[in-house]
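The next block holds one structure in the form of structure tokens; read it before the comments.
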Amino acid sequence: MGNFTELDMYLFGQATHYDIYKKMGAHPQTRRKKEGICFTLYAPHAAQVFVLGEFNNWDETSHEMERLEPKETGIYELFVPGLGCGSLYKYLIVTPDGRKLYKADPYANFAEVRPGTASRIVDIDNFKWTDEVWMKKRAAAKTMDEQPMSIYEVHPGSWMRHPGHQEDNGFYTYREFAKALCSYVKKMGYTHVELMGISEYPFDGSWGYQVTGYYAPTSRYGTPEDFAWLVNYFHKNNIGVILDWVPAHFPRDAHGLADFDGQALYEYADPRKGEHPDWGTKIFDYGNNQVKNFLIGSALLWVEHYHVDGLRVDAVASMLYLDYGKQDGQWVANKYGDNKNLEAIEFFKHINTLITGRNPGAVMIAEESTAWPKVTGSVEEEGLNFSLKWNMGWMHDFLDYMKLDPYFRKNNHNKMTFAMSYNESEKYILVLSHDEVVHLKCSMINKMPGNEEDKFANLKAGYGFMMGHPGKKLLFMGQEFAQLHEWTEKTELEWYLLDNPKHRQMQEYVKELLHLYRKYPSMYELDHKWDGFEWVNANDADRSIFSFIRKSKSGKDCMLFVCNFTPVAREDYRVGVPVGKTYKLILNSDDAKFGGSGEKRPASYKAKKEECDGRDYSFEYSLPPFGVAVFKFSY
């Protein structure tokens, strides 16, 4: 009996074969008591398909695949007895007009290290997982809505490298990387890491956003088993793992998915739907069930086989809009005559419901840059059912404000308050991602105005405001210690800067913010509801000061934030408060350990019955230049 049954064909044709990664590709199998490898491929337009590889000295005709009945399903299969794991292979696809195409396996679980482009046979079922405690805890939480989530976005190849190595660019292996990074994020207080560039990709400079291996962890850093070890290690250390995932488009590389069996298969056939003019890439055909199943199977592999805690879906807007990045004449309207990709909308509803339904506690995160409604809304209310959405609007407003000379901030005060007016419309993550520190946009520290002293003070004020603002959090690597240069994938981060007290103090400040965030539920459990937030004074534009409260469900350990965005000290700043109790100062950005003046301040402040900011009670605080003060209190 063949590997791919009639039931498999039916499910694959419906885009509901949720174990497709166990069937397609190259897998160890025993037939008639003989062990070997079964190759299975979808190539409906091919005339013939052969497997060639190290095992047959790349002979193009010795191992022809059989086209299974019914032939219109386009499934090819070949069992090679005596073949084991480790061998490189490719498919030779012969088209009806006689062309020969040499393709990597779309479903391969492992690939040759670039610049090689072959697939490698591997058995991914041998790893022994020991992360049961984490997985049970994640499932019990059901969603991340009321959980803390502070994400460290990391590119594995350039976070840290071995000195003096040339051959492999000094890359850490998955296991080395896991140990070093896990130790660092635990110390800093992050809850999750988001890893860029894990799915196999040919060109380092694409950072992993032009994928050729949707079922394979990149071989740059080791084997699939090494990657599984990494996820397991993070989980045992109570850190979640999120992967970037790119179902929006794929590159034209000859060995990849483009024109896979001689014509458009994975992409839309009409170039007005199937090509991104700006990116030079192909767009998946979300109307083709087998293509949808390919993408769904990839997501399920990462989440269910590799225990990954979530996928950050890249370039969602480019999938939703048929005219994204296109001029008139470069796109085709849908059946209603507008620019929405109806097939992509249905794809998102299907995959998001499936992943989160089968894997409670796992998250699907949208990197979506427009005002598309209900990205995180339920399917019942016509939403896309993502778990969380990157808040790009907040990010752009925040960065626009932070870049300004403080003198001009008073005229742009609403840039820092506007995001709260739509905070309930989606479930948001506040992001300062890799995209903001590349392509001449400057590092975070060099976006700041003023001299060196001012830049550090400004950035501390900005980070303090961000950590207090509702929404989960994401910060790209290096920005926590104020890396000076823009990020590049070619070298490791500027770790030597930590020899400089200013950078070390910035790192210490971010660490303190992260630990404060994790410690107090008021900082995260009501992120998406007005119940969890209250402006004290959103209108102090002349002094560029923002004050607000973060509330917990219980009313205990609530936080009062006061943030000053000018270099002017406000020595008798009076802040209105909701109750006549004691307010304990738990974070002061002017502390000497953060590079501040170190001026002594009382540890707590008793509110007096004196009206201020529309409230009956208030207290005075000496607010330093660019100062952030956080006070703890209970109702």
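The distance separating the Cα centre of segment 374-411 from that of segment 211-225 comes to 33 Å. Per-residue 3J(HN,Hα) values for segment 358-366, derived from phi via the Karplus relation 6.51 cos²θ - 1.76 cosθ + 1.60 with θ = phi - 60°, read 7, 9, x, x, 6, 10, 10, 10, 9 Hz in sequence order (x marks Gly and Pro). Label point of SER604 set 7 angstrom out along Cα-Cβ; within segment 493-520, amide nitrogens under 19 Å from it belong to 520. Rounded to the nearest 10 degrees, the inclination of helix 224-236 to the longest alpha-carbon principal axis of the chain is 30 degrees.
Each peptide in 568-575, 597-604, 306-313 gets a packing score, the mean of other Cβ atoms within 10 Å over its residues, and the list from highest to lowest is 306-313, 568-575, 597-604. For segment 263-415, the solvent-accessible area of protein heavy atoms averages 37 Å² per residue (probe radius 1.4 Å; ligands and nucleic acids excluded). Residues of segment 531-567 with an amide N closer than 20 Å to a point placed 7 Å from the Cα of VAL579 along the Cα-to-Cβ direction: 531-537, 548-562. Compared with the dominant Cα axis of the chain, that is its longest principal axis, helix 132-141 is turned about 60°. Computed from the Cβ-Cβ distance with R0 of 30 Å, the FRET efficiency linking ALA254 to ASP323 stands at 0.55. Atom-type composition of the exposed protein surface of the chain places 49 percent of the accessible area on carbon and sulfur (1.4 angstrom probe).
Applying 0.36 nm per residue to the separation of VAL113 and ASN237 and subtracting their alpha-carbon distance, the gain on full extension is 41.7 nm. Here the sum of -39500 (n - 2.57) over DSSP H runs of 4 or more residues, divided by the residues of the chain, equals -7000 deg cm²/dmol at 222 nm, to the nearest 500.
Sorting the Cα pairs of segment 122-227 by distance into bins of 5 Å, from 0 upward, gives 2, 10, 16, 20, 21, 17, 9, 3, 1, 0 percent per bin. A cut-off under 15 angstrom between Cβ atoms defines the neighbours of HIS396, and their net charge, with Lys, Arg +1 and Asp, Glu -1, is -1. Solvent exposure of segment 471-594 amounts to 38 Å² per residue of accessible area, where only protein heavy atoms count and the probe is 1.4 Å. Applying 1/(1 + (r/R0)^6) with r as the Cβ-Cβ distance of SER378 and HIS162 and R0 = 41 angstrom yields a FRET efficiency of 0.30. Using C-alpha pairs below 8 Å separated by at least 6 residues, the relative contact order for the chain is 10 percent.
Whole-Hz Karplus values for segment 21-37 come out as 5, 8, 10, 7, x, 10, 9, x, 8, 10, 10, 6, 6, 10, 7, x, 10 Hz, taken residue by residue from phi with 6.51 cos²θ - 1.76 cosθ + 1.60 and θ = phi - 60°; glycine and proline positions read x.
Averaging the Cα positions of each part gives two centres, and for segment 253-299 and segment 566-603 these lie 56 Å apart.
Obtain the radius of gyration and the Kirkwood radius of segment 353-478 from its C-alpha atoms and give Rg over Rh.
Across segment 353-478, the Cα-based Rg/Rh ratio is 1.03.
The angle separating the long axis of helix 392-403 from the principal Cα axis of greatest extent in the chain is about 50 degrees.
Probe radius 1.4 Å, ligands and nucleic acids left out: which of CYS612, CYS182 has the largest accessible area, and how do the rest follow?
On the way: CYS612 25, CYS182 0 Å².
From most exposed to least exposed: CYS612, CYS182.
Per residue, the accessible area of segment 76-148 comes to 47 Å² when a 1.4 Å probe rolls over the protein heavy atoms. With the charge dipole of segment 238-380 set up from +1 on Lys and Arg Cβ and -1 on Asp and Glu Cβ about the Cα centre, the Cα lying farthest toward the positive end among the listed residues ILE239, VAL379, ASN339 is that of VAL379.
The values are calculated or read from the model by the stated rules, or taken from the named source; none is laboratory data. Quantities reported herein were computed from a predicted structural model and do not represent experimental measurements. Because the Cβ atoms are built from the backbone with ideal geometry, glycine has one as well, and the counts that use them run over all protein chains shown. All accessible areas refer to the heavy atoms of the entire protein, side chains included, with ligands and DNA or RNA removed. Shrake-Rupley method; radii C 1.70, N 1.55, O 1.52, S 1.80 Å.
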